[in-house]
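Note sheet for the following structure.
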Amino acid sequence: DTAVSQTPKYLVTQMGNDKSIKCEQNLGHDTMYWYKQDSKKFLKIMFSYNNKELIINETVPNRFSPKSPDKAHLNLHINSLELGDSAVYFCASSPRGGGDTQYFGPGTRLTVL
Amino acid sequence: QKEVEQDPGPLSVPEGAIVSLNCTYSNSAFQYFMWYRQYSRKGPELLMYTYSSGNKEDGRFTAQVDKSSKYISLFIRDSQPSDSATYLCAMSENTGGFKTIFGAGTRLFVKA
C-alpha cells in the first residue's frame, strides 16, 4: 500500500503553461508539505498544511498555489511556468509537523522547456 | 551562512569501511535531529531520529548529537554497496508548526 502518492511522476511542459501536481496520503496524518529539490539535491520547504490550514508559507513566487481539499490531499498548482521551476517536487506528510518523522512521496520531476 | 551545513561529497569508500557523515548548524534552538536516506530517483526516507543530545544506535547505524558544538554525525559500520545513496541531515526546533531544515545531502558510494 502506497503511503504518500504523487501524480504525475514526470511532467514536461513549455514555459508559460499552467500545471498541477496532486498528492495523497493514506497514513491519517494531520500535516502535509511540499518541498522543492534542485539539481544539487538541496531540499527546500515551500508550504505546509495542518488539517487543511496553511501553517508554513516560505518565500516562493505567488505563481505557486497550494490547495488542500481535505487533510489527506495537498495539491500544487503552478501558473506561468518558468525555466527555473524545473526541479523535483516532493510531497510529504507527518503526524503533527516540525520535528516529526516525515514520509515522502516518490517525487514529481518537472522539466520546463 | 546557511542554517545547516553539510558537505555534499561525493564520498567514496570500499565495502566494509566505517563511514562518518556530519552536519553543523547555527540555530541553538534545534532539538530534533534526523538523518534521511535518499536513493536515486526516490523520495527521502527516515533513517535515524534523535531528540536533544546523545547517541542512538540502530544496527549498523549510530547517530550522535553534540549540541554544545552544534554538530551531528551519522556513522555507518561495515558499509555495504546497498548503502550507496544521498544522506540528508535534518533538524527542527519543535513539532507542530515548525519547519524542518535539511542539509544539502552527502552523496555516498560504497564500492564492492
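The values are calculated or read from the model by the stated rules, or taken from the named source; none is laboratory data. In this text, all values refer to a predicted model and were calculated from it rather than measured experimentally. Here Cβ is always computed from backbone atoms with ideal geometry, including for glycine, and neighbour counts include all displayed protein chains. What goes into the accessible areas is simple: the full protein's heavy atoms, side chains included, and nothing from ligands, DNA or RNA. Shrake-Rupley method; radii C 1.70, N 1.55, O 1.52, S 1.80 Å.
With respect to the stated conditions, A:R63 fails to be open to solvent by 40 Å² or more (accessible area, probe 1.4 Å) and either at pLDDT 90 or above or within 23 Å of B:N94 (Cβ to Cβ) (or both).
Among the residues making up region A:3-17, those that are assigned to a strand (DSSP E or B) and open to solvent by less than 60 Å² (accessible area, probe 1.4 Å) are A:V4, A:S5, A:Q6, A:L11, A:T13. If you go through region B:70-94 and pick out every residue that is surrounded by fewer than 21 Cβ atoms within 10 Å (Cβ to Cβ) and among the aromatic types (F, W, Y), you end up with 2. Among the criteria (1) within 14 Å of another protein chain (Cβ to nearest Cβ); (2) modelled with pLDDT of 95 or more, the one A:N79 does not fulfil is (1).
For the structure I just gave you, tell me whether A:P106 is modelled with pLDDT under 95, assigned to a loop (DSSP other than H, G, I, E, B) and either of a type in the set (D, E, K, R) or open to solvent by 20 Å² or more (accessible area, probe 1.4 Å) (or both).
Details: modelled with pLDDT under 95: no; assigned to a loop (DSSP other than H, G, I, E, B): yes; either of a type in the set (D, E, K, R) or open to solvent by 20 Å² or more (accessible area, probe 1.4 Å) (or both): yes.
For A:P106, the condition - modelled with pLDDT under 95, assigned to a loop (DSSP other than H, G, I, E, B) and either of a type in the set (D, E, K, R) or open to solvent by 20 Å² or more (accessible area, probe 1.4 Å) (or both) - is not met.
When region A:73-102 is filtered for residues that are open to solvent by 30 Å² or more (accessible area, probe 1.4 Å) and farther than 18 Å from B:I101 by Cβ, the ones remaining, listed by number, are A:H73, A:N75, A:H77, A:N79, A:S80, A:E82, A:L83, A:G84, A:S86, A:P95.
Looking across region B:95-109 at every residue that is touching a Gly at 6+ places or on another chain (Cβ under 9 Å) and more than 7 Å from chain A (Cβ to nearest Cβ), the one that is most open to solvent (accessible area, probe 1.4 Å) is identified as B:R107. Per this entry, A:S68 is not counted among residues that are touching a Lys or Arg at 6+ places or on another chain (Cβ under 9 Å), open to solvent by less than 60 Å² (accessible area, probe 1.4 Å) and within 27 Å of B:R37 (Cα to Cα). From the list B:Q80, B:Q31, B:Q38, the lone residue that is within 12 Å of the chain's Cα centre (by Cα) and either within 24 Å of A:D38 (Cα to Cα) or among the polar types (S, T, N, Q) (or both) is B:Q38.
Residue by residue, here is whether (1) over 23 Å from B:K2 (Cα atoms); (2) facing chain B (nearest Cβ under 8 Å) holds:
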position: A:R63; (1), (2): yes, no
position: A:S68; (1), (2): yes, no
position: A:L74; (1), (2): yes, no
position: A:D85; (1), (2): no, no
position: A:F90; (1), (2): no, yes
position: A:T101; (1), (2): no, yes
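Select the strands (runs of 3 or more DSSP E) contained entirely in region B:1-89, then report the ones holding at least 1 residues which are within 30 Å of A:Y10 (Cα to Cα) and within 14 Å of chain A (Cβ to nearest Cβ).
Numbers: elements: B:11-14, B:19-25, B:32-38, B:45-51, B:54-58, B:61-66, B:71-76.
Answer list for region B:1-89: B:11-14, B:32-38, B:45-51.
Please go through (1) modelled with pLDDT under 95; (2) surrounded by 12 or more Cβ atoms within 10 Å (Cβ to Cβ); (3) out of contact with any Ser or Thr (no Cβ under 9 Å at 6 or more places or on another chain); (4) within 24 Å of A:C91 (Cα to Cα) for B:Y32 and return the number of the only condition it doesn't satisfy. Among (1) modelled with pLDDT under 95; (2) surrounded by 12 or more Cβ atoms within 10 Å (Cβ to Cβ); (3) out of contact with any Ser or Thr (no Cβ under 9 Å at 6 or more places or on another chain); (4) within 24 Å of A:C91 (Cα to Cα), B:Y32 violates only (3).
Just so you know, in region A:18-51 the residues that are at positive phi and within 14 Å of chain B (Cβ to nearest Cβ) include one that is most open to solvent (accessible area, probe 1.4 Å), and it is A:N51.
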